[in-house]
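Just below is one structure, and these are the notes that go with it.
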Amino acid sequence: MSINRPKDLILGLIFLVVGLTGILIARGYPFGTTRIMGPGFFPIMLGGGLVGLAAVLLVRSTLGPRDSLLSIAIRPLALILGGTLLFGLLIRPAGLIISIILMVVVGTAADRQLKLHQTLLLAAILAGASAFVFVYALGQPIPILGSWFENGV
C-alpha cells in the first residue's frame, strides 16, 4: 500500500488521535440516552465521528493521484492558529466581543483577497451573534466586555 495523499494521511492520524483521546477521557462519564443525555454522550459521539472521519481520510490517502506534501502554506496556518490563540488569551480581559473581532481580523488576514470592510463586517456579525447566542440565549457566564472595561483601563 502506498501513500498517495500525505496531507490526508496526516489529517486522518490527527483526527484519529483526537477522537480516541476524547472517547478515552469520556468513557468514565455516564452516557445516558438520546432523550436524556449524560455528560459522556457528546464527547463520545464527537470522538466517534472524528474516528469515522479519520478512517475515511486514511483510506482516501491511499487512493487517487499522488500529491506533494511540499505545498503547505505556513503564513495562513500561523495566522489562523494565532487568531485562535489570541481569542483564548483575550477572552477574560477583553471580553467576548473584542476577542472575536480580533480573532476574525487576524484569521482573515490569511486570505489576501478579503477587503478590510468585509472582514470588519464579518467580525461584527460574528461577535454580535455569538454574544446573543451564548450569553443571552444560553445564559453562559462569558464576559461580554471583559475585565479591562470593568477596571477602567
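Taken over the stretch 53-88, the criterion of being in a helix (DSSP H, G or I) and either exposed (fewer than 12 other Cβ atoms within 10 Å of the Cβ) or touching a Pro at 6+ places or on another chain (Cβ under 6 Å) (or both) is satisfied by Val59, Ile74, Arg75, Leu77, Gly88. Scanning the stretch 1-18 for residues that are crowded, with 18+ Cβ neighbours inside 10 Å, of a type outside the set (A, V, I, L, M, F, W, C) and in a helix (DSSP H, G or I) gives Asp8, Gly12.
So which residues in the stretch 19-52 are assigned to a helix (DSSP H, G or I) and β-branched (Val, Ile, Thr), if there are any at all?
Result: Thr21, Ile23, Ile25, Ile44, Val51.
Within the stretch 93-114, does at least one residue satisfy the condition of being open to solvent by 90 Å² or more (accessible area, probe 1.4 Å) and not in a loop (DSSP other than H, G, I, E, B)? Checking the stretch 93-114: not a single residue is open to solvent by 90 Å² or more (accessible area, probe 1.4 Å) and not in a loop (DSSP other than H, G, I, E, B).
So is Ala110 touching a Leu at 6+ places or on another chain (Cβ under 6 Å) and free of Cβ contacts under 8 Å to residues at least 40 places away in the same chain or not? Spelling it out, Ala110 is indeed touching a Leu at 6+ places or on another chain (Cβ under 6 Å) and free of Cβ contacts under 8 Å to residues at least 40 places away in the same chain.
The values are calculated or read from the model by the stated rules, or taken from the named source; none is laboratory data. What you see is a predicted model, and the numbers here were worked out from it, not measured in a lab. Because the Cβ atoms are built from the backbone with ideal geometry, glycine has one as well, and the counts that use them run over all protein chains shown. The protein model used for the area step is the full one, side chains on, heavy atoms only, and it has no ligands, DNA or RNA in it. Shrake-Rupley method; radii C 1.70, N 1.55, O 1.52, S 1.80 Å.
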